[in-house]
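A quick write-up on the structure given underneath.
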Amino acid sequence: MMVMGLMRSYTLSVVVLILIGLFMILFSTTSNSILQFNSPDDMRGRIMSVYSLVFGGLTPIGSIYAGTLAKYFGANNVFIISGVIGFIGFLILFKRRRELIK
């Protein structure tokens, strides 16, 4: 997403957005599969309902955040800010991966 914020070419932006969409689908499919395979049968419905809430129910909150920031800072800067936030989240999870696996 940070790369998308730095783009000035329409054609390259389309290519980057296609790649972002592809990786979002891959992440969603992988996380959904991991949750279903690793959850006990009697808890699977509850776990998947929380998963659906997080992925679908929190989307409007992200839209409000992105729209408000875009109004004040511009769309390109929102891509950069969101990419930095996502990368920080990745670093935190990567650093704590051994704790989370246990």
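Distance distribution P(r), the chain, all Cα-Cα pairs, bin width 5 angstrom from 0: 2, 10, 13, 20, 21, 15, 10, 6, 3, 1, 0 percent.
Its DSSP H runs of at least 4 residues, each contributing -39,500 (n - 2.57), put the calculated 222 nm mean residue ellipticity of the chain at -26500 deg cm²/dmol, to the nearest 500. Charging the Cβ of each Asp and Glu at -1 and of each Lys and Arg at +1, and nothing else, the dipole of the chain about its Cα centre rounds to 280 debye. Quick one: check the C-alpha center-to-center distance for the range 15-44 versus the range 67-99, whole angstrom. So the separation of the two Cα centres works out to 19 Å.
A short reminder: the numbers here are calculations on the coordinates, not readings from a lab. The model shown is predicted, which means the values in this text are computed figures rather than measured ones. Methodologically, a virtual Cβ is constructed for each residue, glycine included, from the backbone with ideal geometry; neighbour enumeration extends over all protein chains shown.
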